[in-house]
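J.: Quick one: the structure is below, and I'll ask about it shortly.
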Amino acid sequence: MRWFAVFLFLATPLFAQVYPDYDRTTITDHADLLTDDQENAMDARLAGLRRDTGIEFAVLTLRSQAPYAASQSLEDFATGLFNHWGIGDASRNDGILVLILSEDRAMRIELGAGYARDWDRVSQNVINRSFLPAFESGDYATGISDGVEDVIASIALPFSEGSDAPASDGDYTPWMVFVAVMGALLISGRQFVGDILTRFQRCPNCGSRSLSRVRKTLRKPTRTSEGSGEVTTRCSQCTYRDVRSFTVSRISSSSSRGGFGGGRSGGGGASGRW
């Protein structure tokens with residue numbers, strides 16, 4: 001009897017459901033698919049959506065589902081994770097989760113219980129239209145930025161305004177396309193713009209306008225410690241090289257549920273594979 005009790009004690013973790021924790025209530029990139037600038041831009045974008053509409057929209061990237069729930073379907077895992085985090089307002093159940101599993105080559109848009117089942121079709125169209133084409137070519141950053149903007153334009157904003165799901169893909173209006181494209185450019189272009197501005201500066205050594213800048217994170221921040229990195233500026237016309245350190249602020253501390261509103265999902269949404 002004693003050995004049986006010991007077995008149960010040791011086996012309990014094997015049968016317990018384990019979910020990943022989040023770094024932010026907006027973007028948690030455990031699979032390292034985005035640069036720091038892209039993460040920060042997406043954090044600002046999704047935080048702005050929450051501020052303007054009240055909708056909590058979380059993006060999570062993992063390398064694989066296997067360490068958490070190898071025997072579960074993608075759909076059950078996404079629903080359980082959504083409810084564990086409590087994404088969305090508890091009364092409206094209007095949260096959105098985009099889950100991307102890079103090594104499993106699978107993803108899901110999980111919707112809160114407040115979305116009627118017609119939004120499942122819209123979610124599938126968004127996946128096929130904006131996420132999968134870039135993922136199939138290995139361009140995760142573009143797929144995530146384009147897809148998130150499409151989710152905002154096609155699902156989050158219309159739902160927040162009280163609209164029903166569009167009857168067909170034909171209702172994907174030009175203004176939605178414009179919003180999605182402009183948002184994607186803002187997310188992906190910040191580092192590019194910074195590099196361009198650096199090129200207009202003169203090299204302090206030779207005076208030529210041939211500087212370039214590279215920003216590299218050496219240690220990512222957590223909820224308990226700051227991150228660190230280096231910014232290196234070089235001149236292609238001489239030997240000038242300047243390296244400066246920077247710190248990255250700690251991620252705001254929160255419990256597994258504390259940052260979200262306690263919303264739940266009934267399993268609505270759509271999945272995709274590439």
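J.: Within the range 26-41, take every residue that is part of a loop (DSSP other than H, G, I, E, B) and of a type in the set (A, V, I, L, M, F, W, C) and give me the one that is nearest to Gly86 (Cα to Cα).
T.: Within the range 26-41, the match that is nearest to Gly86 (Cα to Cα) is Ala31.
J.: Hey, Gly269 hits all of (1) at pLDDT below 90; (2) closer than 30 Å to Ala165 by Cβ but one; which does it fall short on?
T.: (1)
J.: Given the conditions (1) in a loop (DSSP other than H, G, I, E, B); (2) β-branched (Val, Ile, Thr); (3) under 20 Å from Leu34 (Cβ atoms), and given that Ile55 satisfies all but one, which numbered condition is not satisfied?
T.: (3)
J.: Note down all Cβ pairs under 8 Å where the first residue falls in the range 64-88 and is closer than 12 Å to Gly262 by Cβ, the second is aliphatic (A, V, I, L, M), and they're at least six residues apart or on different chains.
T.: Short answer, once both residue conditions are applied: Phe82/Leu97; Trp85/Ala58; Trp85/Leu97; Ile87/Ala58; Ile87/Ile96; Ile87/Leu97; Gly88/Ile55; Gly88/Ile96.
J.: For the range 76-117, what are the residues that are exposed (fewer than 15 other Cβ atoms within 10 Å of the Cβ) and not hydroxyl-bearing (Ser, Thr, Tyr)?
T.: Residues satisfying the conditions are Asp76, Ala90, Glu103, Asp104, Arg105, Ala116, Arg117.
J.: Which ranges mark the helices (runs of 4 or more DSSP H) fully within the range 127-216 that have 3 or more residues being modelled with pLDDT under 75 and not hydrophobic (A, V, I, L, M, F, W, C)?
T.: Once the helices (runs of 4 or more DSSP H) in the range 127-216 are filtered for at least 3 residues that are modelled with pLDDT under 75 and not hydrophobic (A, V, I, L, M, F, W, C), what remains is 174-199.
J.: Has the range 54-61 got at least one residue that is assigned by TED's automatic domain parsing to the domain that holds Tyr140, surrounded by fewer than 17 Cβ atoms within 10 Å (Cβ to Cβ) and not small (Gly, Ala, Ser)?
T.: Going through the range 54-61, the residues assigned by TED's automatic domain parsing to the domain that holds Tyr140 turn out to be 54-61.
Narrowing further to those that are surrounded by fewer than 17 Cβ atoms within 10 Å (Cβ to Cβ): 54.
Now narrow it down to the ones that are not small (Gly, Ala, Ser): none.
Among the residues of the range 54-61, not one is assigned by TED's automatic domain parsing to the domain that holds Tyr140, surrounded by fewer than 17 Cβ atoms within 10 Å (Cβ to Cβ) and not small (Gly, Ala, Ser), which makes the answer no.
J.: Charged (D, E, K, R), in contact with a Gly (Cβ under 9 Å, 6 or more places away or on another chain) and in contact (Cβ under 8 Å) with a residue 12 or more places away in the chain: is that true of Arg92 in this structure?
T.: Details: charged (D, E, K, R): yes; in contact with a Gly (Cβ under 9 Å, 6 or more places away or on another chain): yes; in contact (Cβ under 8 Å) with a residue 12 or more places away in the chain: yes.
Yes; evaluated as a whole, the condition is true for this residue.
J.: Can you work out which of the residues in the range 234-260 that are at pLDDT 55 or above and within 18 Å of the chain's Cα centre (by Cα) is nearest to Gly207 (Cα to Cα)?
T.: If we filter the range 234-260 for residues that are at pLDDT 55 or above, which is where we start, we get 234-248, 259-260.
Next, only the ones that are within 18 Å of the chain's Cα centre (by Cα) stay: 259-260.
Values: Gly259: 50, Phe260: 52 Å.
Among them, the one singled out is Gly259.
The values are calculated or read from the model by the stated rules, or taken from the named source; none is laboratory data. This is a predicted model, so every value here is computed, not measured. So basically every Cβ, Gly included, is an ideal-geometry build from the backbone, and we count neighbours across all protein chains shown.
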